[in-house]
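Colleague: So that we are looking at the same thing, I have put the structure below in structure tokens.
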Amino acid sequence: MTKHFDEAYRILAANDRGGYTVPTDRLYPFQWNWDSAFVAMGFATFDIDRAYRELERLTEGQWADGMIPHIVFHQPSDTYFPGPDVWRTSHTIPTSGITQPPVFGMALRAVHEAAEKAGTKNAKARTLALFQAGLKWHRWWYKARDPDGTGLVALLHPWESGSDNSPAWDIALARVPTTTDTAVVRKDTGHVDAAMRPRDEDYRRFIHLVDTYAACGWDPVKQWEKTPFKVAEVQTTGILLKAGEDLEHIAKSLGLEAEAQELANYNDLTHKALLAQWRPELSRFVSRDLISGEDIEAPTQAGFIPLLGLDLGGGMVDAAVAEMKLWSNDMKVAFPTTKPFVESWEPKRYWRGPAWAIINWLLIDGLNRNSQPEMAEALRLSTVNAIEKEGFAEYFDPTTGEGCGGLGFSWTAAAYLWLS
Ligand code: 9WN
């Protein structure tokens, strides 16, 4: 056991670039948004100062309108595409122009509570500054990504989901042209097997969207009008709700009544909206394609992430758990990010089937919240065992248990520390 803890600490130290952690060397040489939130929670188990630092360095990239970008390019590197020259965001510290799931609020609460428990010096002031950044970001989500006030937030790029090439995007992304103004010079396939990565066609569409938004000068209103890709998404919204609850909790503990009320209003709205995305015939939640107006029925892990922020009634939670069991029963490692054996399922190709430690972490939290300790424990053990057997891989082939993608991966190390 100790051996694996030491390895997790070693990976986090090796991926440290001065107060922030790269997901893994070379393949991802910058600071990624949701990766850093998970990593901060990992740090909170043994080094509270470093945990705060991770979040503070991420907020250095925050835009004036409140968005926290999905990548902060603190230092140059030529081992990743697309770099700052493609994003053209002209932010003081170079950043990408899109965002990622707002795990930040969840991480802040975890770090804050660890600091309180340990009696850490300056904890309150550090929490307060990060809370303000988090609140600004949540306001941005509701203003920029839910201008009609539905309670569900929309993604304008598959990269914003963190589940880049998920089958959930197949129909919506097919409408995005494969033409680009920017040369697509992939670097990822020089680091890992191309068969484990998104396809070239996906990349051309990803970059088409970047070109489109750069031409809008990264103005959220223009982007909302011009985009060919707009999905009100349940994984991101579920995370937003849980993070919103956690920020509300922090506001109360800091005596910030008005801020707590503002967050409570957002959370109420989103709570109702998410519940309305439950589909009894599928036993899971579904996202909505805002261009076609249709449900996205592709069976992916996103359908169960809302458990994180909801307290479902008995019937619903039983149905969700039964469906989850069906997906994971014959797998060596749970939880598959696409329902096994459907046509779009590819157990080694990134977000089209593999099991990811951080997704399991979110599902475990959701199951525990909904009084499902047995399934939560099974998933926890599956995650920890996979890591102990195969190492700190980016993700795992659920059919064989094989570690895939990048190795020495920061969020896998953080998940191990948190879940062990
Ligand atoms: C694009 C860093 C990131 C994760 C994402 C994962 C992958 C990037 C890429 O790596 O995305 O953001 O280039 O493939 O899909 O979830 O945050 O680990």
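Colleague: Among rounded, prolate and oblate, which fits region 29-141 when a ≥ b ≥ c are the square roots of the eigenvalues of its C-alpha gyration tensor, a/c under 1.5 means rounded, and a/b larger than b/c means prolate?
Modeller: Here region 29-141 falls in the prolate category.
Colleague: At a Cα cut-off below 24 Å, give the lysines reachable from Lys117, other chains included and same-chain residues fewer than 8 away excluded.
Modeller: Lys242, Lys252
Colleague: What residue among Ala129, Ala115, Ala40 has the largest mean-square fluctuation in a Gaussian network model of the chain, using Cα springs under 10 Å?
Modeller: Ala129
Colleague: Using the Cα gyration tensor of region 238-351, with a ≥ b ≥ c the square roots of its eigenvalues, what is the shape: rounded (a/c below 1.5), prolate (a/b larger than b/c) or oblate (neither)?
Modeller: Numbers: a/c = 2.20, a/b = 1.93, b/c = 1.14.
It comes out prolate by the Cα gyration axes.
Colleague: Could you go through region 333-350 in sequence order and give the Karplus-derived ³J(HN,Hα) for each residue, using 6.51 cos²θ - 1.76 cosθ + 1.60 with θ = phi - 60°, rounded to whole Hz, and x for Gly and Pro?
Modeller: The phi angles translate into 10, 8, 10, x, 7, 9, 4, x, 6, 6, 4, 7, 6, 9, x, 10, 8, 6 Hz.
Colleague: What's the exposure ranking of Asp397, Asp47, Asp188, going from fewest to most Cβ atoms within 10 Å? Spell out each step's value before the answer.
Modeller: On the way: Asp397 24, Asp47 15, Asp188 20.
Neighbour counts put them in this order, fewest first: Asp47, Asp188, Asp397.
Colleague: Something else now. When we measure straight from the Cα of Lys272, which aspartates and glutamates land under 12 angstrom away, once same-chain ones fewer than 8 places off are left out?
Modeller: Asp311
Colleague: Positive end of the dipole of the chain, charges at C-beta (+1 Lys, Arg; -1 Asp, Glu), about the Cα centre: which of His74, Leu362, Thr89 has its Cα farthest in that direction?
Modeller: Checking the options against the dipole of the chain, the answer is His74.
Colleague: As an exercise, take the mean of 1/r over every pair of distinct alpha carbons in the chain, invert it, and state the Kirkwood radius in angstroms. Before the final figure, lay out the partial values.
Modeller: Working: mean 1/r = 0.0470 Å⁻¹.
Computed over Cα pairs of the chain, the Kirkwood hydrodynamic radius comes out at 21.3 Å.
Colleague: With θ set to phi - 60° and the Karplus curve 6.51 cos²θ - 1.76 cosθ + 1.60, what are the ³J(HN,Hα) couplings of region 67-77 in order, to the nearest whole Hz, using x for Gly and Pro?
Modeller: 5, 9, x, 6, 10, 10, 8, 4, 9, x, 7
Colleague: Pick from Gly162, Gly238, Gly19: which residue has the top mean-square fluctuation in a GNM of the chain where Cα pairs under 10 Å get a spring?
Modeller: Gly19
Colleague: With +1 on each Lys and Arg Cβ and -1 on each Asp and Glu Cβ, how big is the dipole of the chain about its Cα centre, in debye rounded to the nearest 20?
Modeller: On the way: 42 positive and 56 negative charges, 100 e Å.
Around 480 debye, computed over the chain.
Colleague: Now for a different question. Between exposed GluC sites (Glu not before Pro) in the chain, where DSSP calls loop and at most 10 other Cβ atoms lie within 10 Å, what's the longest gap?
Modeller: Result for the longest clean stretch: 1-280.
Colleague: Return the loop-located chymotrypsin sites (Phe, Trp or Tyr not before Pro) in region 326-361 (DSSP other than H, G, I, E, B) with at most 12 other Cβ atoms within 10 Å of their own Cβ; answer none if there are none.
Modeller: Sparse-neighbourhood loop chymotrypsin sites (Phe, Trp or Tyr not before Pro): Phe341.
Colleague: I would also like to ask the following. In deg cm²/dmol and to the nearest 500, what is the mean residue ellipticity at 222 nm of the chain if only DSSP H runs of at least 4 residues count, each as -39500 (n - 2.57), divided by the residue total?
Modeller: Working: 17 runs with 209 residues, N = 420.
One gets -15500 deg cm²/dmol as the mean residue ellipticity at 222 nm.
Bear in mind that the values in this text are calculations on the coordinates, not laboratory data. Computed from a prediction, not measured in an experiment: that's the story for all the values here. FYI the Cβ positions are ideal-geometry reconstructions off the backbone, even for glycines, and counts take in every protein chain you see.
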